[in-house]
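Structure first, then comments.
The values are calculated or read from the model by the stated rules, or taken from the named source; none is laboratory data. No experiment lies behind these values; they were computed from the predicted model shown. Methodologically, a virtual Cβ is constructed for each residue, glycine included, from the backbone with ideal geometry; neighbour enumeration extends over all protein chains shown. Protein only, heavy atoms only, side chains kept; ligands, DNA and RNA dropped before computing areas. Shrake-Rupley method; radii C 1.70, N 1.55, O 1.52, S 1.80 Å.
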Amino acid sequence: MLMGTILDYIKEYGDYTFQEKPISEVDSLVLSQFAYLKFDGLVPGIEESTGAVDMQYLLHHEDYDNLYADERYRENNTALFLAMAGSIRFGDMKLKNYVNQIELERETQFSAVTFQLGDGTFYVAYRGTDESIVGWKEDLNLAFSEPTPGQLMSVEYLDQTAQGIQEPFYVGGHSKGGNFAVYAAMNCKKEVQDKIIYIFNHDGPGFRPEVKKQCHYSRIEGRILRTIPHSSLVGMILYSEGSYRVVESKSIGLLQHDPYSWLVEKDHFRVVKQVYSGRLFMDATLNDWILSLSQEEIHIFVDTLYDVVKASEADNLIDFTADWKRSFQGIMDAVKNMDTEKAQVMGDMMKTLFEILARNAREELHLEQLFKK
């Protein structure tokens, strides 16, 4: 196969069973993206006793079209489902224990589903950020030391769903879903943790140092398979150590976060040596800034930014981006009406960011000069 995407991968290798070709990082990204589909009313919940449903059941269900409620990826997600359903590799996959909760008051968007693959192994998939604005805010909340409600739910979900899994299994997710997968694996019951083969984290943000220490990150570190695109922003937030593989993307900038942009060569990702040097510099600066802020300052920053975006009167990010003129006007009104104290704190934090940016730039220039000598 020439270089393509996860869609081309399924076309090329869809005739192989998981017994013939064991699960790979590419398969994990396929399943992580599939977890973004809206299985509400189609896949049994974790408290239901109706068992699992298969791909053909979903394909012929009268509410099949509801799977593609996220308009951003409707075309690609439709192609993904049809390719999976028509393949030997994923065609007999079963789905169960679907959870999808959006709680505005707790600022939580949490979703997970468990896949049973054709060889009998299980993959527990956590959904990343959906199109809801509250889901986007929860991403920002990951900068806190205390766990988010979604992270706590991820642990509860893993402990519950693992009760029905006797064999070793996989856990994974994309974006925030990757963060949830790692957090759940760190904090689940020991008997559950011992059965995890690998934890796949596809461009998901990391954790503050104190969180990794408290949650005994070292217990699972060797089983984490981390992949990021070569201009990663999301996946490098609060990430400073450990190994990862850098995947080439056909997109640029933030668009590389989209799994459909990741390049696949034959049956594996097209891997490059390192994240772009300019991106590494900005990621390090952003992380230094986040870790320099107090918990109170982070709360103010996140809450203020959320209030500003919410002032656009859009309920989700699709509406927010669809009507830029209206959204921008709402944002400008919110900024003008910001109280003096918040404005002062925001100003101080931005000043700190630029100071760190300038310091890192000086250090980078100094290192370049030493290297030339």
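Scan the stretch 198-226 residue by residue and report those that are free of Cβ contacts under 8 Å to residues at least 60 places away in the same chain and of a type in the set (A, V, I, L, M).
199, 220, 224
Which numbered condition in (1) under 21 Å from the mean Cα position of the chain (by Cα); (2) at pLDDT 70 or above is the only one that residue 267 fails?
(1)
Given the criterion open to solvent by 50 Å² or more (accessible area, probe 1.4 Å) and touching a residue at least 24 places away in the same chain (Cβ under 8 Å), identify the matching residue among 66, 97.
66
Which one of the conditions (1) open to solvent by less than 10 Å² (accessible area, probe 1.4 Å); (2) touching a helix residue (DSSP H, G or I) at 6+ places or on another chain (Cβ under 7 Å); (3) not in a helix (DSSP H, G or I); (4) not β-branched (Val, Ile, Thr) does residue 198 fail to meet, given that it meets all the rest?
With respect to (1) open to solvent by less than 10 Å² (accessible area, probe 1.4 Å); (2) touching a helix residue (DSSP H, G or I) at 6+ places or on another chain (Cβ under 7 Å); (3) not in a helix (DSSP H, G or I); (4) not β-branched (Val, Ile, Thr), residue 198 is out only on (1).
Determine whether the stretch 44-61 contains at least one residue that is under 25 Å from the mean Cα position of the chain (by Cα) and farther than 24 Å from residue 181 by Cα.
yes
Identify, from the list 194, 119, the residue that is in contact with a Pro (Cβ under 9 Å, 6 or more places away or on another chain) and modelled with pLDDT under 95.
Sole residue among the options that is in contact with a Pro (Cβ under 9 Å, 6 or more places away or on another chain) and modelled with pLDDT under 95: 119.
Please enumerate the residues belonging to the stretch 159-185 that are without any contact (Cβ under 8 Å) to a residue 60 or more places away in the chain and open to solvent by 10 Å² or more (accessible area, probe 1.4 Å).
Matches in the stretch 159-185: 159, 163, 166, 167, 168, 183.
Across the stretch 32-46, what is the number of residues that are without any contact (Cβ under 8 Å) to a residue 60 or more places away in the chain and more than 18 Å from residue 74 (Cα to Cα)?
3
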